[in-house]
Amino acid sequence: MTHTPNTGAPPTLPAIPPQQPSPTALGSTTPAPASPPAPPAPPTPRRTAFAEGVDQLRHAATTEPGRLRIIGAVLAALVVAFGAVTAWQMTDRAAAADAVLTSSQPLTSDAADIYRSLADANTAASSGFLAGGQESAATRDRYERDIATAAAKLVNAAANAAPDSPSTETITELNRLLPEYKGLVERARTYNRQGYPVGGAYLRYANEKMQQEMLPAAQDLYTKENERLRADYADATPYPWIAIALGLATLAALAWMQRRTYLRTNRVLNHGLVTATTATTIVLLWLTAGHTLARSHLDDSYDHGVRSLAVLHDARIASLKARGNENLTLVARGAETVKAGDKTLDAYDHDFTRDIDTLAKGLAHAQRLADDDTGEKPVTAAVGNMTEWKKRHAAAREQDENGNYQQALDMVIGAKGATGECFDAVDKNLATALKHEEAEFATAAGDGRDALTGLPTGAAVLAVLGATGAVLGIGRRLSEYR
């Protein structure tokens with residue numbers, strides 16, 4: 001038996017790793033922290049309908065049937081858009097052209113008639129005053145007729161003016177002033193028949209109200225209605241460039257599609273696409289030709305109608321104001337004066353000279369604008385009447401300045417050879433010229449409006465026909481892939 005020698009050294013033991021003291025052993029009650037949970041995976045974003053639609057279109061565009069469907073939809077949309085824009089723009093222009101003929105120009109003429117009626121009533125009142133107790137029935141009737149005409153025209157203007165339009169306030173003011181003026185004239189007549197000089201003061205006060213308040217208000221109304229008329233012309237005459245451009249783009253797209261079809265199939269005609277092209281071409285030609293014709297007639301109605309009417313209205317008003325100042329020169333008998341340089345002149349005679357010069361310039365302008373003998377003849381006659389009027393007025397003024405009042409009065413309001421005859425002749429000839437120009441305006445403006453008749457509706461119907469043709473034409477090609 002073998003024995004291991006005893007060396008006296010202790011036996012070698014395996015090493016034991018050191019252990020960490022547990023929290024419990026240390027007397028702690030806090031548990032050990034747990035590891036954090038993993039974050040949840042983010043949700044997959046949901047695709048929008050637009051994105052899905054784009055993907056579908058992209059996928060469809062990779063096949064010929066898909067491409068044809070896209071092209072057909074685009075062509076149909078172009079044709080419908082062209083028809084819709086054409087109908088929209090032509091509806092606006094047709095409405096503006098109708099307003100020129102039936103609303104704004106007649107209201108402009110009514111405003112001019114209000115001014116003329118007020119000025120003529122003032123003239124008739126002064127003429128009746130000069131006649132004193134021998135005022136003729138014709139003069140009285142003329143005054144009453146002018147007042148009634150002005151009142152009726154104001155009612156018509158108020159009925160046709162928008163509640164918030166600039167003209168409404170002016171019309172209201174004239175309606176307030178008209179009874180006041182009429183009351184002053186009646187007082188002047190009453191005192192004049194009784195032989196009281198205060199009648200002349202009342203008449204001058206009535207004339208002051210007319211000249212400083214009523215006629216400026218009537219002129220303001222006339223100016224505002226003229227602005228409205230010009231605005232309607234501005235809405236009716238511009239070319240519909242948006243519709244024209246869209247029509248050309250539609251035709252180009254249809255032509256491209258037909259060429260594409262020919263190159264792929266060797267078929268010259270596709271009936272549906274030909275129908276769409278024909279409908280679009282008709283609308284485009286109708287649009288350009290109809291609007292060009294309407295624009296030409298409307299421009300003619302403005303150049304040879306509205307402009308002439310404005311000049312003739314101004315000339316007629318100037319003649320009325322001149323006649324009123326001529327009468328008031330004798331009514332005032334030098335009570336109203338004005339300084340002109342170193343001279344002291346009768347105020348009303350000074351205004352007469354200014355108004356007669358305005359009349360002369362207006363008649364000369366009207367002669368230049370007259371485009372036919374029928375329109376020029378009465379204007380030329382009015383020029384001759386005005387020339388004679390100036391001669392007779394100068395003779396009457398000479399008699400008045402020499403103290404011959406009755407002779408001067410007879411030369412102004414007398415039955416024969418008086419300035420009143422010249423004034424009446426001027427007014428009559430201007431009325432004839434106005435009637436002729438109004439007829440020319442109505443004819444030209446009516447032709448302009450009629451040139452647009454049916455275009456909005458026709459464009460819409462043809463657009464639907466063209467879009468249907470485009471869809472059927474593309475559908476015929478799609479049927480070849482089934």
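The values are calculated or read from the model by the stated rules, or taken from the named source; none is laboratory data. As the structure is a prediction and not an experimental result, all values here were calculated from the model. Heads up, the Cβs are rebuilt from the backbone with ideal geometry, glycines too, and the neighbour counts pull from every protein chain shown. Protein only, heavy atoms only, side chains kept; ligands, DNA and RNA dropped before computing areas. Shrake-Rupley method; radii C 1.70, N 1.55, O 1.52, S 1.80 Å.
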Calculate I(q)/I(0) for the range 296-469 by the Debye formula, one identical point scatterer on each C-alpha and no solvent, and give its log10 at q = 0.11, 0.17, 0.20 Å⁻¹ to two decimals. -0.58, -0.98, -1.18
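Can you give the alpha-carbon Rg of the range 180-336 over 2.2 N^0.38 Å, where N counts its residues?
Values: Rg = 32.2 Å, N = 157, 2.2 N^0.38 = 15.0 Å.
Its radius of gyration relative to the 2.2 N^0.38 Å reference: 2.14.
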Considering only protein heavy atoms, what per residue accessible area in square angstrom results for the range 442-482 with a 1.4 angstrom probe? 48 Å²
Roughly speaking, what is the centre-to-centre gap between the range 65-100 and the range 376-451 when only Cα atoms are used, to the nearest Å? 55 Å
Over its alpha-carbon atoms, the range 386-482 yields an Rg and a Dmax in Å of 34.7, 112
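Step through the table entries LYS339/LYS390; LYS390/LYS435; LYS209/LYS390; LYS224/LYS339; LYS182/LYS343; LYS153/LYS391, compare each Cα-Cα distance with 29 Å, and write down the pairs that go over it.
Details: LYS339/LYS390 22 Å; LYS390/LYS435 26 Å; LYS209/LYS390 27 Å; LYS224/LYS339 34 Å; LYS182/LYS343 35 Å; LYS153/LYS391 35 Å.
From LYS339/LYS390; LYS390/LYS435; LYS209/LYS390; LYS224/LYS339; LYS182/LYS343; LYS153/LYS391, over 29 Å: LYS224/LYS339; LYS182/LYS343; LYS153/LYS391.
Considering only protein heavy atoms and a probe of 1.4 Å, how much of the accessible area of the range 229-383 is carbon and sulfur, as a whole percent? Mind dumping the intermediate values first?
Numbers: 4200 of 7450 Å².
Here carbon and sulfur together make up 56 percent of the probe-accessible area.
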Give a residue-ordered list of calculated ³J(HN,Hα) values for the range 211-225 (Karplus: 6.51 cos²θ - 1.76 cosθ + 1.60, θ = phi - 60°; whole Hz; x for Gly, Pro). 6, 9, 10, 6, 5, x, 5, 5, 5, 5, 4, 4, 5, 5, 5
Using a 1.4 Å probe on the protein heavy atoms, what percent of the accessible area of the range 98-227 belongs to carbon and sulfur? 51 percent
Residue-count net charge about HIS365 - beta-carbon cut-off 15 Å; Lys, Arg +1, Asp, Glu -1: -2
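Sort HIS291, HIS271 from largest to smallest accessible area, using a 1.4 Å probe on the heavy atoms of the protein chains.
HIS271, HIS291
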Based on alpha-carbon centroids, what's the gap between the range 173-222 and the range 144-164 in Å, whole number please? 19 Å
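Considering only protein heavy atoms, what per residue accessible area in square angstrom results for the range 89-154 with a 1.4 angstrom probe?
31 Å²
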In percent, what relative contact order does the range 287-386 have, based on Cα pairs under 8 Å that are 6 or more apart in sequence? 30 percent
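Protein chains only, probe 1.4 Å: how do ARG187, ARG142, ARG333, ARG260 rank by accessible area, largest first?
Details: ARG187 135, ARG142 55, ARG333 160, ARG260 35 Å².
Result of the area sort, largest leading: ARG333, ARG187, ARG142, ARG260.
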How do LEU273, LEU369 rank by accessible surface area computed with a 1.4 Å probe, from largest to smallest? LEU369, LEU273
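With all pairs of different alpha carbon atoms counted, what Kirkwood hydrodynamic radius in Å does the range 272-311 show?
Details: mean 1/r = 0.0828 Å⁻¹.
Every distinct Cα pair counted, the radius reaches 12.1 Å.
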At q = 0.13 Å⁻¹, what is the log10 ratio I(q)/I(0) for the range 98-227, with the Debye formula run over Cα points and no solvent? -0.54
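Could you tell me what a quarter of the Cα convex hull surface of the range 247-371 works out to, in nm² with one decimal place?
On the way: hull surface 54.6 nm².
Averaging across all directions leaves 13.6 nm² for the Cα convex hull.
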